[in-house]
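Down below is the structure, laid out as structure tokens.
The values are calculated or read from the model by the stated rules, or taken from the named source; none is laboratory data. Computed from a predicted structure; not experimentally measured. Neighbour counts are summed over all protein chains in view; Cβ atoms, including those assigned to glycine, are modelled from backbone coordinates with ideal geometry.
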Amino acid sequence: MESKNSKRAEGAFQSKGGGGADPLGEVLRRALQRPRIFRDRNVMRSDYVPDRLPHRDEHIRRLGEILAPALSLSKPSNVFIYGKTGTGKTAVVRYVFKRFREVVERENLPLVFAYINCRISGTEYRVLAELCESIGVKVPFTGLSKAEVFSRLRRGLREKGVLLVACFDEIDALVKSYGDNLLYELSRINEGAEECGLAMIGTSNDLHFKDYLDPRVLSSLSEEELVFHPYTATELIDILTERARLAFREGAVPQAVINLCAALAAAEHGDARRAIDLLRVAAEVAERNGDSIVEERHVRLAQSMIERGRVFEALSTLPLHSKLVLAALLLLAKNGVPNPISGMIYQTYREVCGRIGVEPLTDRRVSSLISELDMLGVVKSDLVNMGRRGRTRKISLLTPVEEVEEVMESDELLASLLSHTPASIDKWRK
């Protein structure tokens, strides 16, 4: 039965538009009605931390054992956590942090837990700034040197007598863009400190992440490791069943639909995040259609919608400097240079860095980023012989220009670059 507000709103919607059809009337009317399928949408969010994580008890217990010394204000070991996307790494860390914080508040301990997504933070400066903010040290969004922010972090830890346990989610994104200097500096921050300091947890989708680290860094980290295996179809069914019980109204999502979502996700390397997204979008599709029960056809439609969004997701979650390389390629393509050589790209990359006030990486690091974009299938890199000038690489965009442009437009920092024309464009067109 509709509420009085819903009925009043319905009347108001029908009166809008001066006799013409109101394009939002039906949408708003349905939005005010009692939901047909969802009970709690937040349960299906990617950052939701459930009270129970099926099939990750052993990982939770192991991480808890490693961090347990922190409760007696002793620095625990650093931890590296490996596993493919959607295997529960972030969820386990957030769950353990949540449980430890409850003890910290109850016992009033000088212990702080911080979670930083390195792909979102993007730069070493922002990572350090977030660490400072987690212990109550104010740092401006920009304007200080990295050394000054690091100094404030170290001073803040000692003056406040705080032990900080920080999770660097997708730490490989930071190391691949900036190298491992920051990790080395952070691993040495505890020297001379007794009851304060920093313990690090790093999560990575790259099982070979340690290959990027200098032996000195590995030695100073002296870390422990946890490896997360992909979920099986049966395990995904348990995870989805638990989420569905909390998120949806009884009977709105049949078990057959849950099983289908789990089977489709299991075929894609056991990604629980994909399975949850698929079920959520299927329920949203059903609700938009005015259906009260999610069916297989809704799942199939949701799958095609998610597939279309994957390119956007892959590009929008790239590290900052990979996006800047992509922006350079986009600007060259839009200005009549569709297959530039690596030197042209680097010069344009330096230009775009200058326009937004970001310090450019070296030519060698940018070359590595281009190779990573090539491996992702975003660009194609071909080695060409330039005669007496030696060999170079010719780079072409494999992703449609419109899709790259859409990603840039969605990023406040990069959107301003779309109207830029590279300074040497006339020379390169010849």
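Can you tell me which residue among Leu315, Leu320 is of a type outside the set (Lys, Arg) and at pLDDT 85 or above?
Values: Leu315 fails: at pLDDT 85 or above.
Going through Leu315, Leu320 in turn, the sole match is Leu320.
Return the residue satisfying two criteria in turn: it lies in the range 221-259 and is basic (Lys, Arg) and in contact (Cβ under 8 Å) with a residue 40 or more places away in the chain, and of such residues it is surrounded by the most Cβ atoms within 10 Å (Cβ to Cβ).
Taking the range 221-259 first, the residues basic (Lys, Arg) are 243, 245, 249.
Next, from what is left, pick out any that are in contact (Cβ under 8 Å) with a residue 40 or more places away in the chain: 243, 249.
Details: Arg243: 22, Arg249: 15.
Going through the qualifying residues, I end up with Arg243.
Within the range 200-220, how many residues are out of contact with any Leu (no Cβ under 7 Å at 6 or more places or on another chain) and touching a residue at least 60 places away in the same chain (Cβ under 8 Å)?
8
Only one of Val139, Val127 is buried (at least 20 other Cβ atoms within 10 Å of the Cβ) and assigned to a loop (DSSP other than H, G, I, E, B). Can you tell me which? Write out each step before concluding.
Values: Val127 fails: assigned to a loop (DSSP other than H, G, I, E, B).
Testing whether each residue is buried (at least 20 other Cβ atoms within 10 Å of the Cβ) and assigned to a loop (DSSP other than H, G, I, E, B) leaves just Val139.
Condition (residue is assigned to a strand (DSSP E or B), in contact (Cβ under 8 Å) with a residue 24 or more places away in the chain, more than 27 Å from Val49 (Cβ to Cβ) and more than 21 Å from the chain's Cα centre (by Cα)) applied to the range 337-344: is it met by at least one residue? Write out each step before concluding.
Pass one, the range 337-344, residues assigned to a strand (DSSP E or B): 341.
Those still in the list that are in contact (Cβ under 8 Å) with a residue 24 or more places away in the chain too: 341.
Filter once more, so that each one left must be more than 27 Å from Val49 (Cβ to Cβ): 341.
Okay, now just the ones that are also more than 21 Å from the chain's Cα centre (by Cα), so 341.
Yes, because at least one residue in the range 337-344 is assigned to a strand (DSSP E or B), in contact (Cβ under 8 Å) with a residue 24 or more places away in the chain, more than 27 Å from Val49 (Cβ to Cβ) and more than 21 Å from the chain's Cα centre (by Cα).
Out of everything in the range 147-186 that is touching a strand residue (DSSP E or B) at 6+ places or on another chain (Cβ under 7 Å) and of a type outside the set (A, V, I, L, M), what residue ends up being nearest to Ser367 (Cα to Cα)?
Looking at the filtered set, the residue picked out is Asp172.
Could you list all residues from the range 95-115 that are without any contact (Cβ under 8 Å) to a residue 40 or more places away in the chain and either farther than 16 Å from Leu73 by Cα or of a type in the set (Val, Ile, Thr) (or both)?
Listed by number, the residues that qualify are Val96, Arg99, Val103, Val104.
Can you give me the ranges of the helices (runs of 4 or more DSSP H) entirely in the range 162-252 with at least 2 residues that are of a type in the set (D, E, K, R)?
On the way: elements: 171-178, 181-187, 215-221, 233-247.
Those helices (runs of 4 or more DSSP H) span 171-178, 233-247.
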